[in-house]
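The values are calculated or read from the model by the stated rules, or taken from the named source; none is laboratory data. Because the structure is a prediction, the values reported are computed rather than measured. Quick reminder, even Gly has a Cβ in these numbers, built from the backbone with ideal geometry, and neighbours come from all protein chains shown.
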Amino acid sequence: MKIKRLLLLLSMIAGYHTVFANTLKGVVTDERNRPLPYATVLIKGTTTGTTTNASGQYQLELNTGEYTIVCQYIGFRKSEQKVTITSPQQTLDFTLQPVSMQIQEVVVKAGGEDPAYGIIREAIKKRRFYQQQVFELTCMAYSKGTISSTNAPDKFFGQKIDKTEMGVDSLGRGVIFLTETVSKVAFRKPDNMKLEVISSRKSGGGFGISFPAFISFYDNNVQAIISQMGPRGFISPIAENALNFYKYHLEGTFSEDGKLIYKITVTPKRKYEPLFSGSIFITDEDWRIHSTDLLLTPEYQLEILDTLNIRQTHVPVTPEVWRIKDQVVHIAFKKFGFGVDGNFVSVYSDYNLKPALPEKYFEKVILKLDSAYDKKPQLYWDSIRPVPLETYEQKDFHTRDSTAKANRDSASSRYRLDSLRKKQGPVKLMGILWSDVTRKYYFSRDSSIQYHTLRLKGLAKSLKYNTVEGLVLAIEPTVTFNTGEESRLRLSPYFRYGLSNTHFNSYLDAEYTNESRLFNRIGNNRFLLSGGKRVSQFNHDEPIDNLTNEFYTLLLRENYMKIYENWFVKGQYSRTFQNKNQLNLQAVYERRNPVENTTDFSFFGSKNKQFTPNHPYELADVPFEQHSAFVLGASFSFQPGQRFIELPDRRVPFGSKYPEFEVAYTKGIPGVGNSIVDFDKWRLGIQDNMNFKLFGEFRYHVNVGGFLNSRVVEIPDYQHFNGNQTFYTLRYLNSFQLAPYYLYSTTASFYTTANVEHHFNGFLTNKIPLFNRLKWNLVAGANAFYVNGDNNYLEIFAGLENIFKIARVDVIAGYQSKDNTRIGVRVGFGGIFGNLIKPGK
């Protein structure tokens, strides 16, 4: 076996050095011997080349022969040198001179227009042509992403920062993310894109891919890496309407390969618009982009980061077609004591403008990983890497990879297991009482370390209060067993005792999840079996949570939560398919018992103010007595047009431009275990988020449904509409902000609901003083449902979100068929970070 491995290694070495037997290295500097970072170096007449690193160093792997090497850098005169490659290691340095700008011809006369405007108008005329010039193409891309910490606090929100875990020194400095990737890129009009990852490596191992960022300034709206950094996108300096947003100044001209190049300074006309600043270089006569050096800052609607700089160099693939040769995106961030600096370098080569791709080449796959993408040895990377690693990057790869290998080699050792167990430390009293307890029980399996997990919710956080049970003592542990590579068994016993009504409730959830294939496609299964005695809200969507109910009950004498007790058995199966479609099946048997208020205690509030009965007062004429119910349910959600990331053994859904649909059916079956319910209920839903870039994002959720049969329907089985009578909300597209909880509950044969909202994302508010500085954005919409002329509801709202990046405040007017019109205010989460917070249901 060892001999076979040795032969394989020798063949790989021979293979690499047969193709690229020689390395040309050098340094690119200016006239003062200062290194020029990320300069372009390529073989003349081709797109084969590289980019210098931050120290101005480059390397090219070349066959023996004669070459003309071209070096260029934004703002410097292009340089060419001939070289004959005859030995394995050769050096060729470049010293670039600043371009001599010809400025005497571009002086603006008093009252005249800067010549830059005429050039930009010509570039705008040609924008569409260059955007649509190529039907399809392929190219190779090398991408390297490096994110470094320049500072890190000792504590964050009272929690100690483990700098060792971050991989930084005591001052918080060091590399926290480093990866490099080689990909084949394919494109076909209008918007098909596919990346085939040939090889990728992450410092320390694990999954990490540096994606080449495709940023096109020929697009009207430019997406800068991820949408969270600019939900509206950013207006290109040569967009169709760019003259309305930018001021231009012609800095000068210079000649390159007999072609005149214009350097134009780009300046936003107004702050708080999604705009770039910096320089764009345009070629004369054909009016194409030669290169860019453009900057985004928070003043111009950049979110999260302090700066984002995009530098591109475009080169001819053919005399008629130019494409990006290299691109560098630099980011910087300093907030909350953290400092982050990052560079994302992409080098493109081997453009093929007529690849003749098969008709079904894309097949909705946007990213495909080669089966051995993460198995390439160090020698491979040293032979193909076009951008030399920095010294600190070399050290980071070596240190983290060595540490990861040592951990893998010692994974099953007793020493390794003991050190992991010891690192947890003892269980602390505050953890039991408040901050939760998490214990991992490590063991060895298949030469790796695995663990089971025990979690105990803090006892104080498990306390509850309501007018039925009074103060509730609860214990909520969870044990998760690692039963295989992709399978888990979770046991969650629950114990609850009400001090006022002296009722004890307990049940057990047993959940098993695993991965399996169906029709040779991988999916995830979830099996749930539950049983015992529990407390449930009449509306199983739980429109009010325990903490909110406790606040209103104890401080304002408002008991909104309405509950009943039930002995139950529940079985549920769900499968998430490879395309993200999901099937849910469940059967529930309940022995339902009504319960009454047993306490009227509250800290504040007038004693003359009475708590409402536990029975929903809006349904006072609907009796609720002890009974049994056996209910079956099924639902299926799907989203057509799904795109995928293709791994060696599966496809992972990535998203779709189409809405998500859901169909659901629920049936109450009489006679099973004395069940009395007898009904058939259906629902069809559709929801989507539609990004209109500069004009914001539109979100909607629409449902239609009803009862086909409503012979015997108990209150828990009604169609409830999620009302809200509290000051805050989380369910913006699944609730009605001013509606009482049970006033509109129905058993009608048909109903429809609609929740719509538009997030302006800075549109309009960026023109209002103070709001534009704070980046508080307007949001508006409406929620409505209709059952019949006597049972309908409409509310319209407008508010501000992105308050401190997380909060949202709405003013709502509700027009109600069964109650007085009212106006209210609701607080919730919304904005760059707030939108990431999702409700439990």
What do you reckon, is residue 389 surrounded by 15 or more Cβ atoms within 10 Å (Cβ to Cβ), modelled with pLDDT of 85 or more and either touching a Pro at 6+ places or on another chain (Cβ under 8 Å) or not assigned by TED's automatic domain parsing to the domain that holds residue 205 (or both)?
no
Do you know which residues across segment 549-575 are among the polar types (S, T, N, Q) and crowded, with 18+ Cβ neighbours inside 10 Å?
549, 553, 559, 566
Sort out which residues of segment 278-305 are touching a helix residue (DSSP H, G or I) at 6+ places or on another chain (Cβ under 7 Å), at pLDDT 95 or above and not β-branched (Val, Ile, Thr), and write them in order of number.
287, 288
So residue 267, is it assigned by TED's automatic domain parsing to the domain that holds residue 343, without any contact (Cβ under 8 Å) to a residue 40 or more places away in the chain and within 24 Å of residue 73 (Cα to Cα)
yes
Subset of segment 356-377 that is of a type in the set (A, V, I, L, M, F, W, C) and assigned to a loop (DSSP other than H, G, I, E, B) - its residue that is surrounded by the fewest Cβ atoms within 10 Å (Cβ to Cβ):
356
Among (1) in contact with an Asp or Glu (Cβ under 9 Å, 6 or more places away or on another chain); (2) within 30 Å of residue 356 (Cβ to Cβ), which single condition is residue 193 missing?
(1)
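Taking the conditions exactly as written (in a strand (DSSP E or B) and either surrounded by fewer than 21 Cβ atoms within 10 Å (Cβ to Cβ) or modelled with pLDDT of 95 or more (or both)), does residue 146 satisfy them or not? First the steps, then the outcome.
Numbers: in a strand (DSSP E or B): yes; either surrounded by fewer than 21 Cβ atoms within 10 Å (Cβ to Cβ) or modelled with pLDDT of 95 or more (or both): no.
So residue 146 fails the test.
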Count of segment 50-74 residues which are within 18 Å of residue 311 (Cα to Cα) and either in contact with a Cys (Cβ under 9 Å, 6 or more places away or on another chain) or not in a strand (DSSP E or B) (or both)
8
Could you list all residues from segment 651-673 that are within 21 Å of the chain's Cα centre (by Cα) and either part of a strand (DSSP E or B) or of a type outside the set (Gly, Ala, Ser) (or both)?
651, 652, 653, 654, 655, 657, 658, 659, 660
Provide a single number: the residues in segment 746-785 that are free of Cβ contacts under 8 Å to residues at least 24 places away in the same chain and either part of a loop (DSSP other than H, G, I, E, B) or within 28 Å of residue 708 (Cβ to Cβ) (or both).
4
Could you list all residues from segment 454-481 that are among the polar types (S, T, N, Q) and either modelled with pLDDT under 95 or in contact with a helix residue (DSSP H, G or I) (Cβ under 8 Å, 6 or more places away or on another chain) (or both)?
462, 466, 467
Report yes if residue 207 is modelled with pLDDT under 85 and within 18 Å of residue 648 (Cα to Cα), otherwise no.
yes
Could you check, for segment 237-244, whether at least one of its residues is touching a residue at least 24 places away in the same chain (Cβ under 8 Å) and either touching a Cys at 6+ places or on another chain (Cβ under 9 Å) or in a strand (DSSP E or B) (or both)?
no
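Specify the residue that is surrounded by the fewest Cβ atoms within 10 Å (Cβ to Cβ); the eligible residues are those in segment 233-283 that are under 15 Å from residue 294 (Cβ atoms) and among the acidic types (Asp, Glu).
Of the residues in segment 233-283, the ones under 15 Å from residue 294 (Cβ atoms) are 233-239, 242, 245-249, 251, 263-268, 273-282.
With the extra rule that they be among the acidic types (Asp, Glu), the set shrinks to 251, 273.
On the way: 251: 16, 273: 22.
Among those that are under 15 Å from residue 294 (Cβ atoms) and among the acidic types (Asp, Glu), it is 251.
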Segment 334-355, subset in a strand (DSSP E or B) and of a type in the set (D, E, K, R), residue farthest from the chain's Cα centre (by Cα)
350
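So that you can scan it fast, the table gives a plain yes or no per residue for (1) more than 28 Å from residue 172 (Cα to Cα); (2) touching a strand residue (DSSP E or B) at 6+ places or on another chain (Cβ under 6 Å); (3) surrounded by fewer than 17 Cβ atoms within 10 Å (Cβ to Cβ):
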residue	(1), (2), (3)
306	no, yes, yes
313	yes, yes, no
317	yes, yes, no
332	no, yes, yes
342	no, yes, no
350	yes, yes, yes
Sole residue being farther than 29 Å from residue 50 by Cβ and assigned by TED's automatic domain parsing to the domain that holds residue 374, chosen from 163, 202:
163
Would you mind telling me which numbered condition in (1) more than 20 Å from residue 219 (Cβ to Cβ); (2) not in a helix (DSSP H, G or I) residue 299 fails?
(2)
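Give the residues of segment 228-255 that are charged (D, E, K, R) and more than 23 Å from residue 99 (Cα to Cα), sorted by residue number. Quick ask: steps written out before the conclusion?
Here is the first cut: in segment 228-255, the residues charged (D, E, K, R) are 232, 240, 247, 251.
232, 240, 247 - these are the residues of segment 228-255 that are charged (D, E, K, R) and more than 23 Å from residue 99 (Cα to Cα).
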Which of the residues that make up segment 794-824 are part of a strand (DSSP E or B), in contact with a Phe, Trp or Tyr (Cβ under 7 Å, 6 or more places away or on another chain) and among the aliphatic types (A, V, I, L, M)?
794, 800, 803, 807, 811, 812
Taking into account only those residues within segment 491-548 that are among the aromatic types (Phe, Trp, Tyr) and under 22 Å from residue 598 (Cβ atoms), which is surrounded by the most Cβ atoms within 10 Å (Cβ to Cβ)?
538
If I go through segment 535-578 residue by residue, how many of them are more than 26 Å from residue 672 (Cβ to Cβ) and part of a strand (DSSP E or B)?
1
Any chance residue 207 is assigned by TED's automatic domain parsing to the domain that holds residue 313, closer than 30 Å to residue 381 by Cβ and among the aromatic types (Phe, Trp, Tyr)
yes
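Please work out which residue is surrounded by the fewest Cβ atoms within 10 Å (Cβ to Cβ), limiting yourself to segment 750-771 and to residues that are at positive phi and touching a strand residue (DSSP E or B) at 6+ places or on another chain (Cβ under 8 Å). Outline the logic, then answer.
Of all residues in segment 750-771, those at positive phi come to 761-762, 764, 770.
Filter once more, so that each one left must be touching a strand residue (DSSP E or B) at 6+ places or on another chain (Cβ under 8 Å): 761-762, 764.
Values: 761: 31, 762: 25, 764: 15.
Looking at the filtered set, the residue picked out is 764.
Residues are listed down the side, and each one gets a yes or a no for (1) part of a loop (DSSP other than H, G, I, E, B); (2) over 30 Å from residue 689 (Cβ atoms):
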position	(1), (2)
181	no, no
186	no, no
199	no, yes
270	yes, no
280	no, yes
287	yes, yes
Search result, residues across segment 416-438 that are assigned to a strand (DSSP E or B) and of a type in the set (A, V, I, L, M, F, W, C)
437
Every pair of residues 6+ apart whose Cβ atoms lie under 6 Å, when the first sits in segment 636-650 and is under 10 Å from residue 369 (Cβ atoms) while the second is hydrophobic (A, V, I, L, M, F, W, C):
645/367; 645/652; 645/654; 646/365; 647/369
Scanning segment 802-831 residue by residue, those closer than 29 Å to residue 298 by Cβ and either among the polar types (S, T, N, Q) or touching a helix residue (DSSP H, G or I) at 6+ places or on another chain (Cβ under 8 Å) (or both) turn out to be 802, 803, 805, 806, 807, 808, 828, 829
